């Protein structure tokens, strides 16, 4: 802060101006000295980085280098600002306060004028907030690099204009014009550098954590048309504050990783009001009605932007099916549309998996259709009770439901042959006998290579066994029990069978994370006849502590006791995966379970103390398997490798002492030597 202010205060600045040294040389000389000082300050973190590189196996050097570059650019920018402010006054304290004021301005400017479209891009770009954070996360972008370089150029130019005007007589109009020209140049190039088509990226992290995953990149690359994302914001919903005009740039940043690979994605916001299904905000104004409630909110918050009625937007979109929640509509130039929703969980916003799934719906001609058989009292896909299947099929606020992961689904009757568009058929606990015609249609679907989930419950397996007969399987009578002091005996807790984890990474995760599949009532599945399917046992009971109970049926009042005369213990299969090649590379896949509850709303919503359920992984893994790894989209990231140290814990303790105290003593010693030398001179 005292680089120039001290010289102005002492009068030595006049000697400097009268010397033959050029103004630009004076500025660059002092600025280079400040940069050198900044580099000296970085020596300590660099030493720590070098020590980490020696002692940490496979250290992520790229992210460290990016972070150091970001910190240096930030320091270089602060030096340029401080240098200019130092030239404005003879008081160092005033220069320091002025510099801090500039820092505050560059941080605060981000929220200024965000309600105005023509101002929003300028003020958002001008903000320094979060600029270095991008570097610290391991990502280098041309926008951020140019931001720092342009700010440095701007303040050094301001300094040059001021000092040049002090050495030579320059009119106020000319000086003002030069300042305006510098500002216009910086803002123009800065805003242009922020345009998606001009931005370049370098993700230096070893795991590419700032980049879309391979599955998402594949989806984006398949999109040939321009995409517009329109967010319909209901101003009577609790979440409207996240999408106000002054929050739009923050919201747009959520799609920055997609815009990187597809710069022609455009975003639009439409504000409307309608009576929502559930909203704490609206409950406070409900007695006024939707329109007066909207007027009250507008008046209380002094909103200036237009808010449409639901009738005004009805010609463009019908949001009744979305229950007037805030939702995004993704649309291509050819008119293909799909919704991207927000969810009732802690995360709330859609993650990369849901965004990519929605984009995939726009990029492929025919989405996988999941068909649920009805007409025999099967599980209801629309029911929200415990036995229903609504949660994993059509629950719009559940991020893992089929409709939010890229699938189409429908219910079908077996009165007609199963249509060709059905890729996955689900038969969930039929409780009535299937007619010969219905069985014929199912067998035709199987013979054509269709994928299926067949699930039933004990006591009604006689309606499912005719279907399984064509697969060489049968579900036996009786109920499997596995006595446990904490749970009911008919609750089976099973680990994945050896080898089943090879099916795909979802199944492998069940094994690695030691998840257990809870089946509340199941019967043994056995091979009844020869089949050309390759049968993979997915889950089996514990061979030492489970058996088919044939006597006890009341597990609340009665206790179960193993009867060796009529009952036998063993490892009984309760879930099987069947696969066979049918033509060329096409593989048919069928999943059979002797319990239908693992897909139910109850199991997907509930948790048991001490039990890590595998229901969700089994469900997601099965559909990933059925679609040949297309859906749900593969969200696996590159694993971290810098997990181990090359030195022992004891050596680390010694190094800790040196790094904490040795570095401090080194700085103290260096400062003392410099002080003594200065006094000696």
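Applying the set (1) closer than 19 Å to residue 159 by Cα; (2) over 31 Å from the mean Cα position of the chain (by Cα); (3) in contact (Cβ under 8 Å) with a residue 60 or more places away in the chain to residue 47 leaves exactly one unmet item: (1). For region 631-646, the candidate set comprises residues that are over 18 Å from residue 60 (Cβ atoms) and surrounded by fewer than 18 Cβ atoms within 10 Å (Cβ to Cβ); within that set, the residue that is farthest from the chain's Cα centre (by Cα) is 636. Which residue is modelled with the lowest pLDDT, if the candidates are limited to region 519-546 and must be surrounded by fewer than 23 Cβ atoms within 10 Å (Cβ to Cβ) and outside any loop (DSSP other than H, G, I, E, B)? The qualifying residue modelled with the lowest pLDDT is 520. One residue stands out in region 155-172 among those that are without any contact (Cβ under 8 Å) to a residue 60 or more places away in the chain and part of a helix (DSSP H, G or I): the one that is nearest to residue 77 (Cα to Cα), namely 157.
How about region 252-269: which of its residues are buried (at least 18 other Cβ atoms within 10 Å of the Cβ) and within 28 Å of residue 292 (Cα to Cα)? Within region 252-269, just 269 meets the criteria. Against the numbered list (1) modelled with pLDDT under 95; (2) more than 18 Å from the chain's Cα centre (by Cα), residue 235 comes up short only at (1).
Do we have residue 135 as buried (at least 20 other Cβ atoms within 10 Å of the Cβ) and at negative phi here? The answer is yes for residue 135.
Listed here are the residues, each with its yes/no results for (1) over 29 Å from residue 207 (Cβ atoms); (2) at pLDDT 85 or above; (3) out of contact with any helix residue (DSSP H, G or I) (no Cβ under 6 Å at 6 or more places or on another chain).
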{"position": "9", "(1), (2), (3)": "yes, no, yes"}
{"position": "12", "(1), (2), (3)": "yes, no, yes"}
{"position": "19", "(1), (2), (3)": "yes, no, yes"}
{"position": "41", "(1), (2), (3)": "yes, yes, yes"}
{"position": "53", "(1), (2), (3)": "no, yes, yes"}
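Let's see how each residue does on (1) in contact (Cβ under 8 Å) with a residue 60 or more places away in the chain; (2) assigned to a strand (DSSP E or B); (3) surrounded by 16 or more Cβ atoms within 10 Å (Cβ to Cβ); (4) in contact with a strand residue (DSSP E or B) (Cβ under 9 Å, 6 or more places away or on another chain):
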residue	(1), (2), (3), (4)
372	no, yes, yes, yes
380	no, no, yes, yes
385	yes, no, no, no
396	yes, no, yes, yes
409	no, yes, yes, yes
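Within region 468-479, residues that are closer than 13 Å to residue 590 by Cα have Cβ atoms under 7 Å from residues that are in a helix (DSSP H, G or I) in these pairs: 470/443; 470/446, counting only partners at least 6 apart in sequence or on another chain. Residues that are assigned by TED's automatic domain parsing to the domain that holds residue 622 and under 17 Å from residue 547 (Cα atoms) number at least 3 in the following strands (runs of 3 or more DSSP E) confined to region 448-487: 479-481. Is there a residue being surrounded by fewer than 19 Cβ atoms within 10 Å (Cβ to Cβ), assigned by TED's automatic domain parsing to the domain that holds residue 476 and within 18 Å of residue 525 (Cβ to Cβ) anywhere in region 574-596? Taking every residue of region 574-596 in turn, at least one turns out to be surrounded by fewer than 19 Cβ atoms within 10 Å (Cβ to Cβ), assigned by TED's automatic domain parsing to the domain that holds residue 476 and within 18 Å of residue 525 (Cβ to Cβ). Output yes when any residue across region 485-492 is in contact with a strand residue (DSSP E or B) (Cβ under 7 Å, 6 or more places away or on another chain), surrounded by 18 or more Cβ atoms within 10 Å (Cβ to Cβ) and closer than 17 Å to residue 591 by Cα, and no when none is. There is no residue in region 485-492 that is in contact with a strand residue (DSSP E or B) (Cβ under 7 Å, 6 or more places away or on another chain), surrounded by 18 or more Cβ atoms within 10 Å (Cβ to Cβ) and closer than 17 Å to residue 591 by Cα.
When region 420-431 is filtered for residues that are part of a loop (DSSP other than H, G, I, E, B) and either at pLDDT below 95 or in contact with a strand residue (DSSP E or B) (Cβ under 7 Å, 6 or more places away or on another chain) (or both), the ones remaining, listed by number, are 420, 421, 429. Are there helices (runs of 4 or more DSSP H) fully within region 199-313 with at least 1 residues that are over 27 Å from residue 364 (Cβ atoms)? List them. The helices (runs of 4 or more DSSP H) meeting that bar are 248-252, 280-285, 290-301, 310-313.
The values are calculated or read from the model by the stated rules, or taken from the named source; none is laboratory data. Quick caveat, the model's predicted, so the values are computed rather than measured. Neighbour counts are summed over all protein chains in view; Cβ atoms, including those assigned to glycine, are modelled from backbone coordinates with ideal geometry.
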